[in-house]
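Engineer: Structure in structure tokens, see below.
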Amino acid sequence: MQNRRAVVVGAGVAGLASAIVLSRLGWRVALLERRERLKGDDLGMLLWASGVRALRALGVDATLDASGTPVDRFEIRNEDRLSSSFPGAAPGAADGTPSVMVHNAMLYEALVSRLGDSVEVFPATQVDRIDLVDLAAGDSSRRWDADLVVAADGIDSPTRPLLAPSSPTTDAGAVVFRGIIPAHRAPERTADAVEIYGPDRRRFGYGDLGHAGACWWATVPGGMRPESPQIQHELINRWFADWPAPVGKFIAATRPSELTQQPVRFVWPPPAKLHQTVGNGGVVLAGDAAHGVAPILAQGASLALEDAVTFAWALRRSPESVPDALAAYERARVPRIKRVARLSRRVHTIASGGRGVTRGLLRAVPDSWIQNQAAALADWQPPN
Ligand SMILES: Cc1cc2nc3c(=O)[nH]c(=O)nc-3n(C[C@H](O)[C@H](O)[C@H](O)COP(=O)(O)OP(=O)(O)OC[C@H]3O[C@@H](n4cnc5c(N)ncnc54)[C@H](O)[C@@H]3O)c2cc1C
């Protein structure tokens, strides 16, 4: 596939990982990103063992390159009672790969540093059309012809409705506030990754980022808050005032400037179609553009990395035919995406029930079920 041209739209985790694998396979890649700079966010996130394996296949060690901290113990709490607790190694038990908490900006830098010489980056480029007749992508002033277009432009991708019109983005009517705290201000933790289910459809989770500090995430029903970060901080303080320790300590240790908020949205139902052939090439969806799952199980970045690694496998397998490779990618990814999307939505629905529903279900669900589901989520290996 020497000298073939690919256009990757969007330089999030999915776009960067796609550009890395394509350049390794000898493609010339134009990476188009609407933001002025390629940079990650000052956030902590969980990477499951599956994502850690995918990263490894891309030549990135989550622990060394992204300041990742292996999760020794996960805890799920039902208000002030422990509901489930299991070792972080359990979900990756087959080969001992741990799940890790990573610093998003560091993960991003590690991916950027792996972009090959054949990747040309075009920042500040807002793609406003993808030509599905004479394959190309373009903005208001330029057009990039291509043999392959990877749409990795996030959950609002305008390409998904063209390929999979029955898989719209759903707004879940909730917002997640996320905080990051430098190590010298971070409160003591009892476990490496904890999620507490509380009343009023609220949840609070926190995790350990090792020398990069600690992070937390608070889910509350409602829309994005228009207030200043200072007021948002006060609101979060009030909403979680009577929650068990160390919730209050995490909030108090966070400065308003260390807060971000994101709406909870997801693609439902998951798409059955991820590509379209165009002549001898085609267009393909990757990352949230393809499947944006409900964030409750922290699967999105891992799935995006798995997409890229699977895509590389498919292109290696069918070096002479892009359409065959795209079809193989779709066959390999759709069942996995469906499984993760279904479970994420199911848990999201449980967590969004009233207090009685969530409490009752958390009590009724056996620990073994939770651990089995976690193991199933992490059970992905790079294809070979
Ligand atoms: C609250 C919350 C918590 C989460 N926590 C976790 C977690 O702990 N672990 C985990 O694995 N996942 C988590 N996720 C999910 C994860 O963040 C996403 O799945 C992941 O970032 C998807 O990456 P992506 O590259 O597909 O999309 P994005 O990160 O959205 O990247 C898309 C890129 O495309 C660019 N773009 C968009 N449109 C255009 C255009 N027209 N032209 C050019 N460029 C364009 C954007 O600027 C962006 O850079 C969480 C999500 C949320 C909302």
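Engineer: Select, from G12, G51, G68, the only residue that is buried (at least 23 other Cβ atoms within 10 Å of the Cβ) and touching a strand residue (DSSP E or B) at 6+ places or on another chain (Cβ under 7 Å).
Structural biologist: Numbers: G12 fails: touching a strand residue (DSSP E or B) at 6+ places or on another chain (Cβ under 7 Å); G51 fails: touching a strand residue (DSSP E or B) at 6+ places or on another chain (Cβ under 7 Å).
Result: G68 is the single residue among G12, G51, G68 that is buried (at least 23 other Cβ atoms within 10 Å of the Cβ) and touching a strand residue (DSSP E or B) at 6+ places or on another chain (Cβ under 7 Å).
Engineer: Let me ask you something else. I'd like the full set of residues that are modelled with pLDDT of 85 or more, buried (at least 18 other Cβ atoms within 10 Å of the Cβ) and not hydroxyl-bearing (S, T, Y), limited to region 337-369.
Structural biologist: I337, V340, A341, L343, R345, H348, A351
Engineer: Among the residues of region 233-288, what is the count of those that are touching a residue at least 60 places away in the same chain (Cβ under 8 Å) and more than 15 Å from W216 (Cα to Cα)?
Structural biologist: Let us first name the residues in region 233-288 that are touching a residue at least 60 places away in the same chain (Cβ under 8 Å), namely 244, 249-251, 253-254, 258-276, 278-288.
If we keep only those that are more than 15 Å from W216 (Cα to Cα) too, we end up with 263-276, 278-288.
Residues meeting the conditions: 25.
Engineer: Testing G138 on (1) over 30 Å from L25 (Cα atoms); (2) within 14 Å of the ligand (Cβ to nearest atom), one condition comes back false. Which one is that?
Structural biologist: Answer for G138: the failing condition is (1).
Engineer: Scanning region 272-298 for residues that are of a type in the set (G, A, S), in a loop (DSSP other than H, G, I, E, B) and surrounded by 24 or more Cβ atoms within 10 Å (Cβ to Cβ), which turns out farthest from the ligand (Cβ to nearest atom)? Show your work before the answer.
Structural biologist: Within region 272-298, the first condition is being of a type in the set (G, A, S), and the residues that meet it are 272, 279, 281-282, 286-287, 289-290, 292, 294, 298.
Still in the list and also in a loop (DSSP other than H, G, I, E, B): 272, 279, 286-287, 292, 294, 298.
Right, trim to surrounded by 24 or more Cβ atoms within 10 Å (Cβ to Cβ) and you get 286-287, 292, 294.
Values: A286: 7, G287: 2, G292: 6, A294: 9 Å.
Ranking the candidates gives A294 first.
Engineer: Could you pull out the residue among A245, A214 that is within 19 Å of the chain's Cα centre (by Cα) and among the hydrophobic types (A, V, I, L, M, F, W, C)? Step through it out loud before you land on a result.
Structural biologist: On the way: A245 fails: within 19 Å of the chain's Cα centre (by Cα).
Result of the check over A245, A214: A214.
Engineer: Right, something else. Check S157 against each of (1) near the ligand (Cβ under 10 Å from one of its atoms); (2) in contact with a Phe, Trp or Tyr (Cβ under 9 Å, 6 or more places away or on another chain); (3) in a loop (DSSP other than H, G, I, E, B) and name the one condition it does not meet.
Structural biologist: (2)
Engineer: Criterion first (farther than 28 Å from P269 by Cβ, within 14 Å of the ligand (Cβ to nearest atom), among the charged types (D, E, K, R) and surrounded by fewer than 17 Cβ atoms within 10 Å (Cβ to Cβ)) does R185 satisfy it?
Structural biologist: Numbers: farther than 28 Å from P269 by Cβ: yes; within 14 Å of the ligand (Cβ to nearest atom): no; among the charged types (D, E, K, R): yes; surrounded by fewer than 17 Cβ atoms within 10 Å (Cβ to Cβ): yes.
Here the answer is no, as R185 does not meet what is asked.
Engineer: Hey, among the residues in region 160-176 that are within 30 Å of A253 (Cα to Cα) and out of contact with any Phe, Trp or Tyr (no Cβ under 7 Å at 6 or more places or on another chain), which one's farthest from the ligand (Cβ to nearest atom)? Show your work before the answer.
Structural biologist: At the first step, the residues of region 160-176 found to be within 30 Å of A253 (Cα to Cα) are 172-176.
Okay, now just the ones that are also out of contact with any Phe, Trp or Tyr (no Cβ under 7 Å at 6 or more places or on another chain), so 173-175.
Numbers: G173: 14, A174: 9, V175: 8 Å.
Among those residues, the one meeting the criterion is G173.
The values are calculated or read from the model by the stated rules, or taken from the named source; none is laboratory data. In this text the structure is predicted, and so the values were computed from the model without any measurement. Note that we place each Cβ from the backbone using ideal geometry, even for glycine, and neighbour counts take in every protein chain shown.
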